[in-house]
Structures are given as C-alpha cells and as structure tokens.
Amino acid sequence: MRKRQEGLRRSGRTKLPKWRVVLASCGGAALAFLTYFFFLNWSVAKNFEATSALLKSDILALQLANPNLESLKESQAQVLSQLYQEQETSALQLSSTKRAVEKAIEVANQVSQEIDLRYKSSPSGAGGAFSSSATSSSQQNQAQRTQERQREAESQQKLNTLLSSNTQNTSSSADSSTAVPQSQKVTKPW
C-alpha cells in the first residue's frame, strides 16, 4: 500500500477524500449561482434604467399641449413589454429591484390608461397624430366649405326673392292661386 501511495505521489496524482470532492463541487455550484445571480441583477438594473428613462419621457410628452398619442401608445407598449420581461426573473432579483419594477409597471399602466382615454376622446380618434400641415389643410378645407355654404345661402335667398316677386300679381282681383311666375309665361311669337 505504501508503494502505491508513493507511486501516486511521484506521478503527481493524489486521491482526494470524497468529502473534499463534494465540497469542491458544492463550492463550484455556489460560485456559478452567485455569478449568475449578480449578473442577472446587474442586467435587470441596466435594462430598468433605460426603460424608466423611456417611461419618464412618455410622461413628459403626455403633459404637452398636443402630444402625438399614436407614438405614445407604441412607446408605452414597448415600455410595458420590457417591464414584464424584467419581472419574469423576479424570484432571483434583489428586493429593491423587484419593488422598483413593480412600481414602474403600475405607473406605466396608469400612463397607458391616460393615453387610451385621450385617444378615445380625441375627435378623430388619432389625437395628436396629425402633422401641422394636415391640420392647416383641414382648416383650409373647413373654411372653403363655410364659404360654399354662404354662397349657396345667398343664391337660395336671391332665388326666393325672384320667385316671390314673380308670383306676386299687381292686380287686386287676382289671388295667389292664379298667379303665374314670369318664367312660366309663354310669349307668343306673333
């Protein structure tokens, strides 16, 4: 037996006790888990910073006089998607990160509801999605329609005046049932 141990020592191989093998395996697994845990939390924190910055910019854009609701809806869908992705690994997240993600989801849902309310209450259903040129063009079209209506009203009034003047008979014996408009009088060629 002594010869065997000496032979193992000379060749550079020594037989480790089983408890050391188990301990080394457990230590390696723990080290791998801790590395994954810290990398995951670092990754979630980095993604959360970018997502929360996008959420803040959406909130600021929503406070403008005429926000572009269409692009805000798309941006909020992206924000919520990213936040839900970050929440999927909440079992392995630090408690502060987990609470921050949950709070951000609440805020993002409130912002989405506000955008939906404004979108539905906007006259065209698209809210601020119109560009300034489209808005000015629609204002010009509305002004043209108003002018056309005024012209039609003036024409109708002139026509009514002509009709009423033609249907009135100057003789006192004639009644309104026998009055013939000027346009219906037939002129005889002889």
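Here Trp19 qualifies as surrounded by fewer than 10 Cβ atoms within 10 Å (Cβ to Cβ) and among the hydrophobic types (A, V, I, L, M, F, W, C). Leu72 satisfies every condition listed in (1) in contact with a helix residue (DSSP H, G or I) (Cβ under 7 Å, 6 or more places away or on another chain); (2) open to solvent by 70 Å² or more (accessible area, probe 1.4 Å); (3) of a type outside the set (Gly, Ala, Ser) except (2). One residue stands out among those in the stretch 86-103 that are charged (D, E, K, R) and under 17 Å from Tyr36 (Cβ atoms): the one that is surrounded by the fewest Cβ atoms within 10 Å (Cβ to Cβ), which is Glu88. None of Gln87, Gln82 is among the polar types (S, T, N, Q) and free of Cβ contacts under 8 Å to residues at least 24 places away in the same chain except Gln87. Right, Ser25: within 30 Å of Asp116 (Cα to Cα) and either part of a helix (DSSP H, G or I) or touching a Gly at 6+ places or on another chain (Cβ under 9 Å) (or both) or not? No; evaluated as a whole, the condition is false for this residue.
The values are calculated or read from the model by the stated rules, or taken from the named source; none is laboratory data. For clarity, every value in this text was computed on a predicted model and none was experimentally measured. All Cβ positions, glycine included, derive from the backbone under ideal geometry; neighbour counts span all protein chains shown. Surface accessibility is based on the protein's heavy atoms, side chains included, excluding ligands, DNA and RNA. Shrake-Rupley method; radii C 1.70, N 1.55, O 1.52, S 1.80 Å.
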